[in-house]
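Trainee: My questions all concern the structure below.
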Amino acid sequence: MAGDKRHADDGSDTEEQLTSTTVDTRPKVSKLVSKQRSQVEYLMKNIDKPIDISTPKKPMLRPPPDIVLNVRGSSAGAGSSDFSIYRDLRRKENLRVKLMESDAAQDSAKDKFIDEIELLKQKDEERTAKNRAKRQKRKNKNKFVKEK
């Protein structure tokens, strides 16, 4: 190792470090901890300031135009730029349809969830009423027995 140009004279590098060809790309724990510590300290400085923990916003798309003036389609003699314009319009329309379908799916899932909750509440109420009636019956029976 005496002829190695990378070798430091102070002895701080070990032989494993000098001969290793793999590079560890994982972030060091101390860096992550110090970053988290600085974030927490920043939040604690402004403790009265509210923190915004909001859900990510859905992409907003403009609605399709009512009247399309420059209609492009597949036709003979179309220019070279027409296909890229058509592809962009198709991509926007497909994204709009996909967002509408996902909104409809979320709404139906939410409605289904609400219906299930109402059904469970109704079953709980019925069970509670039945048990309440049993308790009341036992209570009345015990009163009747004690009076005799």
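Trainee: Looking for something among the aliphatic types (A, V, I, L, M) and either modelled with pLDDT of 80 or more or farther than 30 Å from Gln106 by Cβ (or both) - is there at least one such residue anywhere in the range 33-42?
Mentor: yes
Listed here are the residues, each with its yes/no results for (1) at pLDDT below 65; (2) surrounded by 10 or more Cβ atoms within 10 Å (Cβ to Cβ).
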| site | (1), (2) |
| --- | --- |
| His7 | yes, yes |
| Asp24 | yes, no |
| Pro50 | no, no |
| Ile53 | no, no |
| Asp66 | no, no |
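Trainee: With the structure loaded, tell me whether Arg132 is in a helix (DSSP H, G or I) and open to solvent by less than 100 Å² (accessible area, probe 1.4 Å) or whether it fails that test.
Mentor: No.
Trainee: Give the range 81-103 a look and list any residue that's loosely packed, with under 11 Cβ neighbours inside 10 Å, closer than 17 Å to Pro65 by Cβ and not acidic (Asp, Glu), or say none. Don't jump to the end; show me each part of the working.
Mentor: Let us first name the residues in the range 81-103 that are loosely packed, with under 11 Cβ neighbours inside 10 Å, namely 81, 84, 87-88, 90-91, 94, 97-98, 101.
Adding the requirement that they be closer than 17 Å to Pro65 by Cβ leaves 88, 90-91, 94, 97.
Correct list: Arg90, Arg91, Asn94, Val97.
The values are calculated or read from the model by the stated rules, or taken from the named source; none is laboratory data. What you see is a predicted model, and the numbers here were worked out from it, not measured in a lab. No Cβ is skipped: glycine too gets one built from the backbone with ideal geometry, and neighbour counts run over all protein chains shown. Note: areas computed on protein heavy atoms with side chains; ligands, DNA, RNA excluded. Shrake-Rupley method; radii C 1.70, N 1.55, O 1.52, S 1.80 Å.
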